[in-house]
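Here is the structure we will look at, set down as structure tokens.
What follows draws every value from the coordinates through simple rules; no lab data is involved. On a predicted model such as this, the values are computed, not experimentally measured, just so you know. Neighbour counts are summed over all protein chains in view; Cβ atoms, including those assigned to glycine, are modelled from backbone coordinates with ideal geometry.
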Amino acid sequence: METATAQDIIWPEVELIRNEFPILQQTVNGRPLVYLDNGATTQKPVSVIRSMQEYYTQYNSNVHRGVHTLSQQATTAYEAARHAVAAFIGAHHHEVVFTKGTTDAINLVAAGFRKTILKEGDEIIISAMEHHSNIVPWQLACEEKGAKLKVVPISDKGELDMDAFRSMLNPRVKLVSITWISNTLGTVNPVHDIIALAHEQGIPVMLDAAQAAAHTPIKVHELDVDFLALSGHKLFGPTGIGILFGKESWLEQLPPYQGGGDMIKHVTFEKTTYADVPLKFEAGTPAICEAIGLGAAVAWVNRIGIHKIQAYEHQLTEYAVAALKQIEGLRFIGEARHRSGAISFLVGDTHPSDVGVLLDQQGIAVRTGHHCTQPLCDRFGIPGTVRASLAVYNTTADIDRLVEGVRKAVTLLG
Amino acid sequence: MTIKEQQDRIIEDFEVFGDWMEKYEYIIQLGKDLPLIDPKYKTDDNLIRGCQSKVWLQAELQDGKLVFTADSDAVITKGLVSLVIQVLSGHAPKDIAEAEIYCIDAIGLTSHLSPTRSNGLLSMLKQMKLYAVAFQAKSMQN
């Protein structure tokens, strides 16, 4: 395979893009910041920050309640954000529930399945590369109902064992919940195949798209996925907001998650009727400002173009993998054929935390540790990894700094 | 040397370092030089779990003094552990319980003590003090 050189990957727009992120224009420990922890959270462009400031300075008000002007403005902006996110993932707006984030969205579905669908002896399928947030909610639901949690194994390269997956599908399986892109390995899972195979047997599929949203186009109806969760803060938006997409028939079927204001149609002490979807799942005053910020983030991604982002990041990932490979003793954890976002590695017998501390001293932000995927690290028999995770504003210069930084760290630790 | 004198000596030692690399080189060396803990003490009971790295800590009372031995799977953590042991090990439980640890701040490694770093150093310091208080209470009973 021919390796892309830095010259091949010149994309003039990236410098303009970087200028839109105030936080990237600083030095950390005396060096210009290299931010490679995008899998944990992405930075925010000025348009997102401004949208949130405008909300609080110009029309902060509660939604879906008041007849006064500000409340109507806030409601309009909040619902416009829902429309924007829906369009971004190819959904109808009433199929998009605002949640606190991906974890909250998965818990919402898990709670619904626990209450109405899951019975003793049933099964839920997840995979060996799941984030704790796509393990623990199902574990809790299964424990309560006497159901079984089944785990699709992965290969040493970090790819799903699709033969095993096929053989695990049976009428007892009530849901398959799998990550689209692994936060630790960077593996892009064959979601089309997973959904098609599960649907052949009438089994619904939920996708954890937390790591996919900023990197790959999402079209839920083309995918025919039943549920999909994503987080705003991993998509250049604020923390505390995310969405659950659910097919309308599924959202109708699931019971409310929490009770409170905004989710009701009529309340008496004897009986309450609930609001239509998606408001049935949005009890209490929602994260209005954050939703509006997420809408602005989606608008920002649309302006750059998710296909362009994907193509650029693909080249940058190849460049990074080739450059890191030159470091003596470095081994990748996760070498899937289709990958995106995260690049995990270890060097010799150095501890990831030591490498992370020494990179930080050089102004380079990476994540070290188990990345909330302890069972996955156990699978590879490692305490964790050093993880560099890319976003559209990263450059080949960032990768060069990373490689130089790792070399320096390894020399010091040597 | 008292706990205070030990800390002042460490602060003095660190004053010679010109940049972060020299400082970390020294800490890494300390980590490598830390006398090995007796493997029989590397038990789950003695494990202080941080998010990033593991620390094992063993405490023993010898002639009225509290002696600590420790280990970590990460060498920088081990170096920091070694510093803290230099300061606290071999003193009376009462002195350890009452000691104020200021040398980590003074040598510019405060970030390692922040709860967000979660590398076990902060938990280890707390654990050492807990041992000291426990041994102190025990000696008062006797």
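Could you calculate the FRET efficiency of A:ALA311 with B:VAL133 from 1/(1 + (r/R0)^6), where r is the beta carbon distance between them and R0 is 56 Å, rounded to 0.05? Write out the running numbers ahead of the final one.
Numbers: r = 61 Å, r/R0 = 1.08.
Calculated value: 0.40.
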note = Other residues with Cβ under 11 Å from the Cβ of A:SER344 give, with Lys and Arg +1 and Asp and Glu -1, a net charge of +3
task = Give the calculated FRET efficiency between B:GLN29 and A:TYR56 to the nearest 0.05, with a Förster radius of 56 Å applied to their Cβ-Cβ distance.
result = 0.60
inquiry  = Just want the ordering: A:THR368, A:THR103, A:THR5, from fewest to most Cβ atoms lying within 10 Å of their own Cβ.
reply    = A:THR5, A:THR103, A:THR368
request  = Select from A:ALA111, A:ALA283, A:ALA210 the residue whose mean-square fluctuation is largest in a Gaussian network model of chain A (Cα-Cα springs shorter than 10 Å).
outcome  = A:ALA283
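Using a cut-off of 14 Å between beta-carbons, work out the net charge of the residues near A:ARG31 (Lys and Arg +1, Asp and Glu -1, A:ARG31 not included).
On the way: positive: A:ARG401, A:LYS408; negative: A:ASP360, A:ASP398, A:ASP400, A:GLU404, B:ASP19.
Every neighbour counted, the sum reads -3.
How much net charge surrounds B:LEU34 when only the other residues with a Cβ under 15 Å from the Cβ of B:LEU34 are counted, with Lys and Arg +1 and Asp and Glu -1?
On the way: positive: B:LYS32, B:LYS42, B:LYS54, B:LYS78; negative: A:ASP354, B:ASP33, B:ASP38, B:ASP71, B:ASP73.
Neighbour charge sum, excluding B:LEU34 itself: -1.
Considering only Cα-Cα distances, which of the following residue pairs are longer than 23 Å: A:LYS115/A:LYS234; B:LYS78/B:LYS129; A:LYS100/A:LYS280; A:LYS148/A:LYS219; A:LYS145/A:LYS265? Mind dumping the intermediate values first?
Values: A:LYS115/A:LYS234 30 Å; B:LYS78/B:LYS129 18 Å; A:LYS100/A:LYS280 15 Å; A:LYS148/A:LYS219 31 Å; A:LYS145/A:LYS265 30 Å.
In this structure, A:LYS115/A:LYS234; A:LYS148/A:LYS219; A:LYS145/A:LYS265 lie more than 23 Å apart at Cα.
Please identify the longest segment of chain A free of exposed trypsin sites (Lys or Arg not before Pro), where exposed means a DSSP state other than H, G, I, E or B and no more than 11 other Cβ atoms within 10 Å. Write down the numbers at each step before the final one.
On the way: sites that count: A:LYS119, A:LYS271, A:ARG337.
Of all site-free stretches, the longest is A:120-270.
Counting Lys and Arg as +1 and Asp and Glu as -1, each charge on the Cβ, what is the dipole of the stretch A:49-303 about the Cα centre in debye, to the nearest 20? Intermediate results must be reported in sequence, preceding the final value.
Values: 21 positive and 27 negative charges, 89 e Å.
So the magnitude is around 420 debye.
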key: 20 Å Cα-Cα reach of A:LYS247 towards aspartates and glutamates, excluding residues that sit fewer than 8 places from it in its own chain   = A:GLU79, A:GLU95, A:ASP104, A:ASP193, A:GLU200, A:ASP208, A:GLU222, A:ASP224, A:ASP226, A:ASP276, A:GLU282
ask   = Scanning chain A for GluC sites (Glu not before Pro) in DSSP loops with at most 10 other Cβ atoms within 10 Å, what's the longest stretch left with none?
value = A:121-269
ask   = Where the only charges are on Cβ atoms (+1 Lys, Arg; -1 Asp, Glu), what is the dipole of the stretch B:3-137 about its Cα centre, to the nearest 20 debye?
value = 520 debye
key: Alpha-carbon centroids, the stretch B:123-142 and the stretch A:365-414: separation in whole Å   = 38 Å
request  = Counting helices only, and only those DSSP H runs with n ≥ 4, report the 222 nm mean residue ellipticity of chain A as the sum of -39,500 (n - 2.57) divided by its residues, in deg cm²/dmol to the nearest 500.
outcome  = -12000 deg cm²/dmol
remark   = Rounded to the nearest 5, the percent of DSSP beta bridges in the protein assembly as shown running antiparallel is 70 percent
task = Of the options A:VAL366, A:PHE380, A:LEU149, report the single residue whose Cα projects farthest towards the positive end of the charge dipole of the protein assembly as shown (beta-carbon charges: Lys, Arg +1; Asp, Glu -1).
result = A:LEU149
ask   = Rounded to the nearest 0.05, what FRET efficiency is calculated for A:VAL46 and A:GLU79 with R0 set to 25 Å and r the Cβ-Cβ distance?
value = 0.55
request  = Excluding residues on the same chain fewer than 8 positions from A:LYS157, give the lysines whose Cα lies under 21 Å from its Cα.
outcome  = A:LYS325
key: Mean residue ellipticity (222 nm) of chain B, computed from DSSP H runs ≥ 4 via -39,500 (n - 2.57), nearest 500   = -15500 deg cm²/dmol
ask   = In degrees, nearest 10, range 0 to 90: what is the angle between the Cα axis of helix B:3-15 and the longest Cα principal axis of chain B?
value = 10 degrees
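Determine the dipole magnitude for the stretch A:310-396: charges of +1 sit on the beta-carbon of Lys and Arg, -1 on that of Asp and Glu, nothing else is charged, the reference point is the Cα centre, and the result goes in debye to the nearest 20.
Details: 7 positive and 8 negative charges, 47 e Å.
Rounded to the nearest 20 debye, it is 220 debye.
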ask   = Which helices of chain A meet both criteria: a Cα extent of 30 Å or more along the helical axis and a mean Kyte-Doolittle score no lower than 1.0, with helices taken as whole DSSP H segments?
value = none
task = Rounded to the nearest Å, what's the spacing between the alpha carbon centres of the stretch A:107-186 and the stretch B:9-63? Just the number, please.
result = 41 Å
Where labels lie 7 Å past Cα in the beta-carbon direction, separation of A:GLU120 and A:ASP161 in nm = 3.0 nm
